[in-house]
Amino acid sequence: MLMISFPDITFEAGKYVDDLVSFLADNLEALFDFIFFVTSRSISGLTDFLMIIPWWLFIIIIFLLGWYFKSFFSGILYGIFIFLIGTFGLWEEMMITISIILTAVIICLIIGIPLGVAMAFNKWVSMILRPILDAMQTMPSFVYLIPAIFFFGLGNVSAIFATLIYSLPPVIRLTDLAIRGVDKEVVESAHSFGSSRWQTLTKVQLPQALPTIMAGVNQTTMMALAMVVIASMVGASGLGEQVLVSINRIDIALGFEAGISIVFLAIIIDRITNGIAEKVQRRGGNQ
Amino acid sequence: MTVQIQVKNVSKIFGSKPKSAIPLIKKGLSKEEILKKTNHTVGVYDATFDINKGEVFVIMGLSGSGKSTLIRCFNLLNKPTDGSILLDGQDITKCSRDELKKVRQEKIAMVFQHFGLFSHRTILANVEYGLEIRNVPKEKRREIAQQNIETVGLKGYEDKYPDELSGGMQQRVGLARALTNDPDILLMDEPFSALDPLIRREMQLELLDIQERLQKTIIFITHDVNEAFRIGDRVAVMKDGHVEQVGTPEEIIANPANEYISEFIKDIDRSKVFQASHIMTKPNALVSNKDGLNVAIKEMRENGISSVFVVDRSRRIQGIVTIDDAIQGIKEKKSLSDVIREDITIVNEEEYINDLIPKALESSFPLAVVNEDNKLVGYILRVHVLSGLTSDDVNESEEYVY
Ligand SMILES: Nc1ncnc2c1ncn2[C@@H]1O[C@H](COP(=O)(O)OP(=O)(O)OP(=O)(O)O)[C@@H](O)[C@H]1O
Ligand SMILES: [Mg+2]
C-alpha cells in the first residue's frame, strides 16, 4: 500500500458557503432589498445629476480640479482626455462608470474608516479583521460576483457589491495604520488636556491620520476602477460593459476606445486623488 | 508655604503583573535583578516628597532614571502601581475618569520634550485647544489664547502652522498652550532639551520670568545639572527609579547625600548656581549723601577701607567716594556731591556669579549689590567673585577690608 491517491475523504466547504449564502438571501431579503433600493437609487441619481451638467462645464470642472490639485498643464491634459472620451461617443457610459465608482468609494469610506479606527483601538477587532482582509484581497475578484448576483441580481448594485469587497481593504488597513502611526506624544498631549476619547479621535487622531487615509482613498478608487470590466459581467453598465461587448463581438475599434477611456479615467482619478492627498499632507501629521 | 503636591510612596512598574514586583523591591533586589527574574521594569520606586505651591521643582537624573515615568504620574498619563499622589489634598490615583478629566482640564498642564503640537492646527488653534475641549465659547477662548501667545512673545504668528516655526518658537507654543488652561501646576518634561544652548538659555530665563509673574507651581525635568541648579528652587535627584535627594541647589552642593550625587554634581558650574547674594558682603560702612566729606573720611578710617558707598535716605545707591578724593576735596573745600563717583557697577543680588565675572574685571571699584527695590544690600570684590567659584563655604565669608 503506497497511498498514492488521496483517500476518499470529502469536506465540502463550498457547499456550506453555498448554504450560508442561500440562507442569507432567503432570510434577509428585506435587508438586501433595502440595500438594493438605496444603492441603485444613488447610482441613478448620481448619473442623472452628472448628465445634467453640460459637457463643456464638466470639462472645465475637470480642468480646474487638475489645475488646483496638480498643475495648469495637467488640467488641460485631463480636459482633453474627457473631450476625447466624448468624441468616442462614450459620454454617457463614462458618467455611469464615474457614478458607480463614486458610489462604491463613498460606501467604502463610510464602512472602512470606522472599521479601521476600531482596528486601531481594539486588538480583538484587529485580530479578527486581519485574516478576513487578507482573504478579501487575495481571493480572485470573479468569485465575489456569484454571491453578489445571489443577493442583488444582475445589475449595477451587484457590481457595487463586488467592487466594495475588492476595494474595501486598503481604506481599512491604511486607516488603522494611520491612526496607530500618529505621534505618541501628540496623542498624549491631547490626553493631558483632559480630552475625551471622542475628542482625541476627532480633533487630533483623525486629522493627523488624514494624509495616510487619503492615500488609502486613492488606492481604493484605483481598485474600484480596476473592477469596472469585471463588474460588467454581473450587468454593470458603463465603460466596462462596452469593453465586454467589444470582446463578444470581437470589435477591436470599440474595444480600444472603451479601453483607452478607462485608462484616461484612471489617470485623471489617480492624479487628482493623489493631489488631494499631497495637499492634505502638507498640513497633516505623521511626518 | 503651602504644599501643593504630596507624593507618597509612589512606585511605577512596567510589565504584565506590575504589583507582583513590589515585594521583590521591598526585599532590596536591584532594578537589573528584577528585570532578569520577572521581566518587569522598575520605572519609579517608593518616591516620597512634597512640592510647594509656586516653586520650581526640578527632577534631575541620568537617562532611564525614571524622571519621565514619575512626572507622568502627576497627570496620570502613567497610573502609579502603588502609592498615592495628592493634589491639593485630592488623591488623583483614586479619581474616576470624569474627575481625572476635570483635574487635567483645570489643574495641571504639560509641556512636552518634542513639543507635542498638533501639526494640522494653526498656532492659535493649538493654543486654544485646552479651552476648546472644555466648550469655552469661541470669542472667549480666542481672547485668552491671544493673551498667552503674547505672553510667550509670539504675537503675529497666530495663523502660522507649527512646522513653519523654529524649535524654540514651537516650544513657546507648547508653553502658551499649557498656560492657556490657567493650570496651577505646569509639568515640563525636558522642555528645552531639543533646543540649542543659546535658545535654551533664553527660554530658561523667560520661563523664570513667566513664573515670577504668574506664580505657577512648575515641575521641570532635565538631565542637565546646570539647568537644574539654574532654575530649580528645589531639586530632586533620581537614580534607577529612586529619589536619592531632595533639596535646594545650595543644600545639595553643600551636603550631597551620597557618593553618587557628589559625582553627579562634580562638574557643575558653580558660577551658574551661586548668585551675587551668596557671595556678597554686607557693608559695615556707608555714608549718606547728606553727610559731609569729614564723615566719609571718618567712616573709612574707622573701618580701615579706602572707599565707601554713598546712599540716599532710603538706602538707594548714589555712588562711591575714595579716600584720596575725599582728602583732596576737603583741601579744595568741595562737598561730598562734588567728589562722588558715579561710574560704579551695580548688580542685582540674583545675578549669577558667571555673569558677574566680566563686570568685576571691568570695574575699578567693588560691585555694588542691590535688591529689587534698588537698595544697597552688599558689595562684591574681585576676590569674592573668584573665591565664590572655589570655596566650599560660600556664605558670608570673613569681612574684607579694602
Ligand atoms: N511604557 C513603558 N514600558 C516599559 N518600560 C518603560 C516604559 N516607560 C519607561 N520604561 C522604563 O522605565 C525606566 C525609566 O524610564 P524613563 O523614561 O522614566 O526615564 P527618564 O529618566 O525619563 O529618561 P530620559 O532622560 O531618557 O527621558 C527605563 O528603564 C525605561 O525603559
Ligand atoms: Mg524622559
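The values are calculated or read from the model by the stated rules, or taken from the named source; none is laboratory data. Please read these numbers as outputs of a predicted model, since none were measured by experiment. Cβ sites come from the backbone with ideal geometry, for glycine too, and all protein chains shown count toward neighbours. What goes into the accessible areas is simple: the full protein's heavy atoms, side chains included, and nothing from ligands, DNA or RNA. Shrake-Rupley method; radii C 1.70, N 1.55, O 1.52, S 1.80 Å.
Between B:53, B:94, which is under 22 Å from the mean Cα position of the chain (by Cα), modelled with pLDDT under 95 and not hydroxyl-bearing (Ser, Thr, Tyr)? B:53 is the lone residue from the list that is under 22 Å from the mean Cα position of the chain (by Cα), modelled with pLDDT under 95 and not hydroxyl-bearing (Ser, Thr, Tyr).
Look at (1) touching a Lys or Arg at 6+ places or on another chain (Cβ under 9 Å); (2) open to solvent by 30 Å² or more (accessible area, probe 1.4 Å); (3) not polar (S, T, N, Q) and you find that residue B:320 fails only one, number (2).
Residue-by-condition table, conditions (1) touching an Asp or Glu at 6+ places or on another chain (Cβ under 8 Å); (2) at pLDDT 90 or above; (3) not in a helix (DSSP H, G or I):
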| site | (1), (2), (3) |
| --- | --- |
| A:223 | no, no, no |
| A:234 | no, no, yes |
| A:256 | no, yes, no |
| A:264 | no, yes, no |
| A:273 | no, no, no |
| A:278 | no, no, no |
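Of the residues making up the stretch B:81-100, at least one is over 20 Å from residue B:238 (Cα atoms), within 8 Å of chain A (Cβ to nearest Cβ) and more than 16 Å from ligand 2 (Cβ to nearest atom).
Residue A:99 meets the conditions (1) open to solvent by less than 50 Å² (accessible area, probe 1.4 Å); (2) polar (S, T, N, Q); (3) within 14 Å of chain B (Cβ to nearest Cβ) in every case but one. The failed one is (3).
The residue list B:250, B:259, B:263 contains one member that is touching a residue at least 12 places away in the same chain (Cβ under 8 Å), outside the structural domain of residue B:378 (by TED's automatic domain parsing) and open to solvent by 40 Å² or more (accessible area, probe 1.4 Å), which is B:250.
The one condition from (1) hydrophobic (A, V, I, L, M, F, W, C); (2) more than 16 Å from ligand 1 (Cβ to nearest atom); (3) out of contact with any Leu (no Cβ under 7 Å at 6 or more places or on another chain) that residue B:188 does not meet is (2). For the stretch B:275-287, check the following and say yes or no: at least one residue is open to solvent by less than 50 Å² (accessible area, probe 1.4 Å) and among the charged types (D, E, K, R). No: zero hits. The combined condition, being out of contact with any strand residue (DSSP E or B) (no Cβ under 9 Å at 6 or more places or on another chain), away from every other protein chain (no Cβ under 14 Å) and within 16 Å of ligand 1 (Cβ to nearest atom), is not fulfilled by residue B:284.
If you check A:71, A:158 for being polar (S, T, N, Q) and either open to solvent by less than 10 Å² (accessible area, probe 1.4 Å) or under 15 Å from the mean Cα position of the chain (by Cα) (or both), only one passes: A:158.
Tallying residues that are part of a helix (DSSP H, G or I) and within 7 Å of chain B (Cβ to nearest Cβ) within the stretch A:188-202 yields 5. Restricting the stretch A:213-242 to residues that are open to solvent by less than 30 Å² (accessible area, probe 1.4 Å) and among the hydroxyl-bearing types (Ser, Thr, Tyr) leaves a set whose member that is farthest from the other protein chains (Cβ to nearest Cβ) is A:232.
Any residue at all in the stretch A:175-194 that is under 25 Å from residue A:128 (Cα atoms) and among the polar types (S, T, N, Q)? The answer is yes; a qualifying residue exists. The set of residues from the stretch B:66-80 being surrounded by fewer than 19 Cβ atoms within 10 Å (Cβ to Cβ) and within 7 Å of chain A (Cβ to nearest Cβ) comprises just one member, B:77.
None of B:15, B:61, B:43 is open to solvent by less than 60 Å² (accessible area, probe 1.4 Å), more than 16 Å from ligand 2 (Cβ to nearest atom) and among the small types (Gly, Ala, Ser) except B:15.
Checking each residue of the stretch B:131-142 against the condition of being in contact with a Leu (Cβ under 8 Å, 6 or more places away or on another chain) and either facing chain A (nearest Cβ under 10 Å) or open to solvent by less than 50 Å² (accessible area, probe 1.4 Å) (or both) gives at least one match.
Scanning the stretch B:185-229 for residues that are within 14 Å of another protein chain (Cβ to nearest Cβ) and away from ligand 2 (no atom under 16 Å from the Cβ) gives B:185, B:186. Return yes or no: is residue A:118 hydrophobic (A, V, I, L, M, F, W, C) and within 14 Å of another protein chain (Cβ to nearest Cβ)? In short, no.
Determine whether the stretch B:174-197 contains at least one residue that is open to solvent by 10 Å² or more (accessible area, probe 1.4 Å), over 19 Å from residue B:127 (Cβ atoms) and small (Gly, Ala, Ser). So far as the stretch B:174-197 goes, yes, one or more of its residues are open to solvent by 10 Å² or more (accessible area, probe 1.4 Å), over 19 Å from residue B:127 (Cβ atoms) and small (Gly, Ala, Ser). Looking at the stretch B:1-112, none of the helices (runs of 4 or more DSSP H) lying wholly inside it contains 2 or more residues that are within 16 Å of ligand 1 (Cβ to nearest atom), in contact with a helix residue (DSSP H, G or I) (Cβ under 6 Å, 6 or more places away or on another chain) and not polar (S, T, N, Q).
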